Amino acid sequence: MVEQSTFNHPIMMPPTMTRDITPHYFDSNNSGMSPASMKTHSCTVQSRTLLDDNTHENGEFNVNNTKAMNDKQEDDDDEYQDIDDDDDVNDKAQELKDLDWDDLPNFIRHLDYNQLKADDCHKANSENRTILSIRRKMVANNMILRLPYKGTPFYIGSKNDFQEKEVAYITQTSTWVLLHKLDGGHQNVSQLCLTKILEEIETKLSHLLDSKYINEVHHFKTNINRSSVRMHYLYFVPETHKEEIPVRPITVCNDGPTMNIVRYITPLLWSIFDQATNCRRFQNGSIDVIHGIEKYAQMGHLKPGTLFVTFNMDDLTTSFLHDQIMSTLQRLLIEQLQDKTIDGLTIDIILQLVHLVLKNQFCVYNNGLYQQIHGGASGLPLTMLLTYVNLFYGQDSELMKTIKEKDEFFGR
């Protein structure tokens with residue numbers, strides 16, 4: 001049995017870089033990671049509670065009800081103003097997903113409360129003052145607030161410690177390489193990089209279409225919508241469920257240039273992998289696991305010495321070598337596709353599309369343009385598929401051989 005990768009998005013993105021370089025949510029002062037122990041701890045921040053004062057002990061803030069303080073502590077930067085805005089309230093909720101902590105005061109100033117009743121409006125104003133006060137005090141103490149990789153309690157920690165952990169993680173893993181700092185004469189490098197990626201993908205897809213290697217349907221599903229495309233960006237979240245609280249890199253790729261390719265080819269590749277491995281999908285979680293084990297026992301395979309093993313795939317997603325995974329994937333496709341095609345695509349075209357995705361894993365982080373040279377971006381569905389292929393079909397892997405020979409129970 002294999003433990004899938006799961007994570008929570010942060011409630012708000014860390015402070016961003018200059019607006020003319022990247023989209024508004026790009027990350028520059030993120031959470032971070034290193035093997036060192038963090039002295040801060042996760043805490044649950046309930047609504048209508050707030051950091052009580054500007055002091056903290058042992059890296060922790062006291063969280064108390066501070067409505068009275070909210071009423072009297074208003075500053076010029078964070079003062080709430082009831083200004084009408086033309087945006088729909090539902091659209092605002094969607095915007096919160098990518099909201100920058102530094103943009104919070106301006107975001108709140110321009111919220112539209114015309115559709116709210118008087119009581120709801122008063123409550124919203126009170127909650128906004130609470131949120132702004134939290135932000136004000138955290139800025140004063142150089143602290144950050146994050147949702148963890150797993151779980152819901154908020155995590156409060158030193159911004160400097162997080163930044164040190166980020167640097168340590170990037171240095172130790174060598175997963176990313178810095179191409180340019182986005183300052184001085186390189187402020188437009190990220191946009192130039194995105195333009196180059198778009199041109200390469202569009203040229204490649206047009207060539208495949210003209211050469212009849214793909215059809216109009218393939219082209220429509222994989223092509224780019226230039227009006228909504230954005231560069232990937234990288235940030236870090238703490239893993240509070242682990243000792244010493246390391247952190248996990250998260251690459252946001254929702255509107256990335258290769259996402260349409262990934263969304264199309266990934267289900268096709270999963271179907272091939274599941275067929276090759278007899279992998280069961282636990283769509284209903286523990287219920288499916290129990291049913292699977294019951295069937296395994298009914299077949300007489302469950303013995304007193306049977307071992308139950310889970311794999312956490314997270315660390316493996318950023319470590320596989322691109323050349324190696326391409327060779328492994330090719331071997332899997334050749335073994336499994338009898339007619340050498342799936343959904344009208346040949347093995348060679350599938351490999352070309354996967355390679356196109358892997359070679360264009362560029363992202364913005366900490367006011368710099370990076371390229372991911374190992375593994376896959378966490379926000380790409382293709383990454384987990386390739387991680388499974390590498391684990392079970394890699395050159396040094398005996399897992400698949402063992403599972404098949406002994407008719408073992410395997411699922412995800």
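Given Lys212, Lys150, Lys159, which one is more than 29 Å from Met313 (Cβ to Cβ) and touching a residue at least 24 places away in the same chain (Cβ under 8 Å)? When all the criteria are applied, what remains is Lys159. Looking across the range 145-156 at every residue that is within 19 Å of the chain's Cα centre (by Cα) and either among the polar types (S, T, N, Q) or surrounded by 22 or more Cβ atoms within 10 Å (Cβ to Cβ) (or both), the one that is farthest from Phe236 (Cα to Cα) is identified as Thr152. When you check Val354 against the structure, is it crowded, with 16+ Cβ neighbours inside 10 Å, outside any helix (DSSP H, G or I), assigned by TED's automatic domain parsing to the domain that holds Glu199 and of a type in the set (A, V, I, L, M), yes or no? No, not satisfied. Picking from residues in the range 357-373 that are touching a residue at least 40 places away in the same chain (Cβ under 8 Å) and of a type in the set (A, V, I, L, M, F, W, C), the one that is surrounded by the fewest Cβ atoms within 10 Å (Cβ to Cβ) is Ile373. Taking the condition in contact with a His (Cβ under 9 Å, 6 or more places away or on another chain), in the same structural domain as Thr383 (by TED's automatic domain parsing) and among the β-branched types (Val, Ile, Thr), does Thr251 pass? Judged against the criteria, Thr251 is a match. Among the candidates Ser378, Ser397, the residue that is modelled with pLDDT under 95, surrounded by fewer than 18 Cβ atoms within 10 Å (Cβ to Cβ) and either touching a helix residue (DSSP H, G or I) at 6+ places or on another chain (Cβ under 7 Å) or not in a helix (DSSP H, G or I) (or both) is uniquely Ser397.
On the stretch given as the range 319-342, residues that are over 27 Å from the mean Cα position of the chain (by Cα) and not in a helix (DSSP H, G or I) total 6. Taken over the range 298-327, residues that are touching a Ser or Thr at 6+ places or on another chain (Cβ under 9 Å) and not aromatic (Phe, Trp, Tyr) amount to 8. Test each condition in (1) hydrophobic (A, V, I, L, M, F, W, C); (2) assigned to a helix (DSSP H, G or I); (3) out of contact with any Gly (no Cβ under 7 Å at 6 or more places or on another chain); (4) closer than 30 Å to Asn215 by Cα for Leu316 and report the one that comes out false. Condition (4) is where Leu316 drops out. Taking first residues from the range 314-342 that are in the same structural domain as Met384 (by TED's automatic domain parsing) and partners that are assigned to a loop (DSSP other than H, G, I, E, B) and among the β-branched types (Val, Ile, Thr), the Cβ contacts under 6 Å between residues at least 6 apart in sequence or on separate chains come to Thr318/Thr175. Residues of the range 216-245 being in contact with a Gly (Cβ under 9 Å, 6 or more places away or on another chain) and either part of a helix (DSSP H, G or I) or without any contact (Cβ under 8 Å) to a residue 60 or more places away in the chain (or both), which ones? Passing the criteria: Val217, His218, Val229. A single entry from Ile250, Ile293 fulfils the requirement of being among the hydrophobic types (A, V, I, L, M, F, W, C), in a helix (DSSP H, G or I) and either in contact with a helix residue (DSSP H, G or I) (Cβ under 8 Å, 6 or more places away or on another chain) or surrounded by 13 or more Cβ atoms within 10 Å (Cβ to Cβ) (or both): Ile293.
The values are calculated or read from the model by the stated rules, or taken from the named source; none is laboratory data. Bear in mind the structure is a predicted one, so any value in this text is a computation, not a measurement. For neighbour counting, all protein chains shown are included, and Cβ atoms are generated from backbone atoms with ideal geometry for every residue, glycine included.
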